[in-house]
Amino acid sequence: MADDIKANDGPDGDGMDALGEDAGKGLNAKKIILFVILPLLIITGALTSAYFMGYLDSMLGIEINCEEVDEDDPRFSKCQEIISARAAGQEGASPGFYYDIPDMRVNLNTGGKQKFLFLVVKLELPDQMNVDKVELYAPRIVDHFQTYLRELRVEDLQGSTGIYRLRLELLERVNAAAPDLDVRDVLFQEMLVQ
């Protein structure tokens, strides 16, 4: 048995040979990589993915700009929920009053072959007082609409995202033309691209 102990003694006689020391150090480095660095990389990758997919937007206080979200974007479903929530919030409100914007026919920006957009729109207003005010601003509102619509391309009007963006842009144009009006929504009655 004494021979066994002497066989394991290293050059210093401390009971470990040179191979045992190297194996102990290598095991510590492996443990650090396995239990510290690898989990940090996994957590960092998961958080980065969640951030770019929009899952952390509500936690970080970042608002989704639904005007820039395409149908293939993972945030598109969240935009649809926001639109539904806004519509549900307006359902509980009083029905409102409507003002008919004169029918508009504009040629689209196609660069070659002429395409026309025929559009019939109503403005939803909360009360009769705003309906009376909108009549004063109607020529200015139509002008803002016409100017914007002439710059549209056919591709801009495709899909539900295109229609939603058009609604937001027209609502923004109403607010720019008549800032003291309270307009709830822009409602499409008819839209035709010829």
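The values are calculated or read from the model by the stated rules, or taken from the named source; none is laboratory data. Bear in mind the structure is a predicted one, so any value in this text is a computation, not a measurement. Every residue, glycine as well, gets a Cβ built from its backbone with ideal geometry; the counts of neighbours run over all protein chains shown.
Residue-wise test of (1) part of a strand (DSSP E or B); (2) modelled with pLDDT under 85.
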position: 71; (1), (2): no, yes
position: 86; (1), (2): no, yes
position: 90; (1), (2): no, yes
position: 118; (1), (2): yes, no
position: 156; (1), (2): no, no
position: 168; (1), (2): no, no
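Is it the case that residue 102 is loosely packed, with under 15 Cβ neighbours inside 10 Å and part of a helix (DSSP H, G or I)? It is false that residue 102 is loosely packed, with under 15 Cβ neighbours inside 10 Å and part of a helix (DSSP H, G or I). Just one residue in the set 119, 125, 171 is within 20 Å of residue 98 (Cα to Cα), surrounded by 13 or more Cβ atoms within 10 Å (Cβ to Cβ) and in contact (Cβ under 8 Å) with a residue 60 or more places away in the chain; that residue is 119.
Once segment 132-143 is narrowed to residues that are under 12 Å from residue 180 (Cα atoms) and either in contact with a strand residue (DSSP E or B) (Cβ under 9 Å, 6 or more places away or on another chain) or not assigned by TED's automatic domain parsing to the domain that holds residue 104 (or both), the residue that is surrounded by the fewest Cβ atoms within 10 Å (Cβ to Cβ) is 133.
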